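S.K.: Pasting a structure here, questions to come.
Values quoted throughout were computed directly from the atomic coordinates according to the rules given, and no laboratory measurement underlies them. As the structure is a computational prediction, the values presented were derived from the model and not from experiment. No Cβ is skipped: glycine too gets one built from the backbone with ideal geometry, and neighbour counts run over all protein chains shown.
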Amino acid sequence: MSARDPAAGEGLASERDFYRRLLDLGGQDEIEPLLDQALSLIVETTGATTGYLELYDDDGGEPRFWRGTGCSDEDIDAIRASISRGIIAAAISEGRAVETPSALTDPRFENLGSVRRHEIQAVLCVPVGTRPPIGVIYLQARTRPGQFQFNAADRERAELFARQLAPLADRLVSRRPGRGHVDHTREVRERFRCPELVGRSRALAQVLHQAALVAPLEVDVLITGPSGTGKSALARAIANNSPRARGPFVALNCAAIPETLIESELFGAERGAHSTAIRRAPGKVAAAEGGTLLLDEVADLSASAQAKLLQLLQVREYHPLGATEAVRADVRIISATNANLLERVAAREFREDLYYRLHVLPLALPGLTERRDDIPDLVDSFCQEICQRHKLAPLTVSPRALLACQEAAWPGHVRQLAHAIEAAVIRANGDGARTLQEHHVFPEAEHDDGDEEEVNFQEATRRFQRRYVLEALERNDWNVAETARQLELARSHLYNLINEFGLKRAGGDGRGRA
């Protein structure tokens, strides 16, 4: 690009202005001003003459909020009543942008009555959010055939715009009194008390529903899931919602006990059973009598301890070390692991019969990748709890910080997020701040000393590219070849972007599958 080219300079300034205004949307704390500014921005940027934006109730249904520009109330009614059954419906069902230079001559839409009646030409329609979309952006240009059509740059900007708008709108709607985002866990929480597991997503609701079914039953439970997802908290909730709630809850981390001591720690030992048994020592099974015993990281049990655990599960009896008689046990066993037990069985590292004995009612706790909708609630909850625990002044969390947390990769899941927020609260307190900002959570982020963050074009572009690539990789389960195909990139270039942005797959090395 020549420095003397005024058209190129104007294009760069326009591009920079778009990214800055898009980032500034994150500063809104009310849904109506957000939608007004958002619609105005995308209409101005794409050159549309008509713009319409609506957000839906959960699981579809009537729009919860809508805005229109360049159109009358009658036009909006026509868009909602007629075109929504065609162009908008196609964008929502396909989960991607729908674009046509002329709806009037497009075989997909030419037979729609509203299209023919209003002689609709260029249209660009983009869903807001995914699986399912929470809304849609409809852009239209009322011009003569062939005079105007949305180009590739318009489509790319509209798609980036929709991706940026989705979490902002969802967060503000969820905080709106009486009109918030549906809490999918609300119904199950009425019969299953679990304040330790914060969130409202469908993924969490499914787990809590399964836990509510199994809690009152006298059956043993296996909880699986990545490290740091809250398996211990779920185990305690099951115990607290069971008939054994008044009994003890005892937890043993099997990975933290040396192999030579695990049997003694678990089942107890008679005096003289081993060199350190100078007196009779009851084990964790005895300590949990009448209650619940959590065996965390059960995959790390030694072979002999596995055999004894199998006996305990089958006949509710066990032998302390050095004992000649079996002891009856009135205890419920909840096991937890982040390991793939089937792989351990195949490697002869875990007993197959014990695996099937544990795997009667497994509960799989999802990681934060499947619970991104829960991240804002988790951040708010951690911030409040940490301020109270450390006796610090209460903090609010800025919209940008919430969005940054929701977009970030958390390979350590809830535990890593909690530690990051604790560090952020301490940094914010050191700054004398009343609001937790993005740079408190991510110290490498640019420090915003004013009301508005100054972000240059290159940094804004980099942020969007990073978010765009990461979401595409996660959507394709880190299949690099398929992601490269969808993004229309060379596979080698995608690998370079992964390395450049420091992208990592949760629980993996980030290299993905070729």
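S.K.: Quick one: length gained pulling ASP17 to HIS359 fully straight, 0.36 nm per residue minus the C-alpha distance?
M.R.: In short, 117.5 nm is gained.
S.K.: Among VAL219, VAL480, which comes first, second and so on when ranked by fewest other beta-carbon atoms within 10 Å?
M.R.: VAL219, VAL480
S.K.: Would you please give the residues with an amide H less than 5 Å from that of LEU436, counting only those at least 5 places away or on a separate chain, with H modeled from the backbone geometry?
M.R.: Excluding prolines and chain starts, which carry no amide H, the hits are THR396, VAL397, SER398.
S.K.: Further question on the same structure: Arranged from highest to lowest average of other beta-carbon atoms within 10 Å per residue, in what order do the peptides 389-396, 250-257 appear?
M.R.: 250-257, 389-396
S.K.: Can you list the lysines whose alpha carbon sits under 18 Å from that of LYS391, skipping same-chain ones fewer than 8 residues off?
M.R.: Cα-Cα hits under 18 Å: none found.
S.K.: Continuing with this model, one more query. Hey, rough spin-label estimate for GLU352 and GLU422, points 7 angstrom out along Cα→Cβ, what's it come to in nanometres?
M.R.: Modelled inter-label distance: 4.3 nm.
S.K.: Right, another one. For a quick check: sort PHE249, PHE382 by the number of other beta carbons within 10 angstrom, fewest at the front.
M.R.: Lowest count first: PHE249, PHE382.
S.K.: Would you mind calculating the gained length between ASP183 and THR324 on full extension (0.36 nm times residue separation, minus the Cα-Cα distance), in nm to one decimal?
M.R.: Here the answer is 45.3 nm.
S.K.: Please list, in order along segment 183-197, the HN-Hα scalar couplings obtained from phi with the Karplus expression 6.51 cos²θ - 1.76 cosθ + 1.60 (θ = phi - 60°), rounded to whole Hz, x for Gly and Pro.
M.R.: 7, 5, 9, 4, 5, 6, 5, 5, 10, 9, 6, 7, x, 5, 9
S.K.: For TYR56, enumerate residues with amide H under 5 Å from its amide H, sequence gap 5+ or separate chain, H modeled in the peptide plane.
M.R.: Close amide H contacts, sequence-distant or interchain: ARG64, GLY135.
S.K.: When a/c is below 1.5 the answer is rounded, else prolate if a/b is larger than b/c, else oblate, so apply that to segment 196-366 with a ≥ b ≥ c taken from the square roots of the Cα gyration tensor eigenvalues.
M.R.: prolate
S.K.: While we're looking at this one, here's another question. For segment 365-383 and segment 393-419, write down the distance between their C-alpha centroids in whole Å.
M.R.: Between the Cα centres of segment 365-383 and segment 393-419 lies a distance of 8 Å.
S.K.: I need the peptides 415-423, 190-198 ranked by packing, meaning the mean over residues of other C-beta atoms within 10 angstrom, with the highest value on top.
M.R.: Those peptides, ordered most packed to least, come out 415-423, 190-198.
S.K.: Also, I was wondering about something else. At a Cα cut-off below 17 Å, give the lysines reachable from LYS284, other chains included and same-chain residues fewer than 8 away excluded.
M.R.: In chain and number order, the partners are LYS308.
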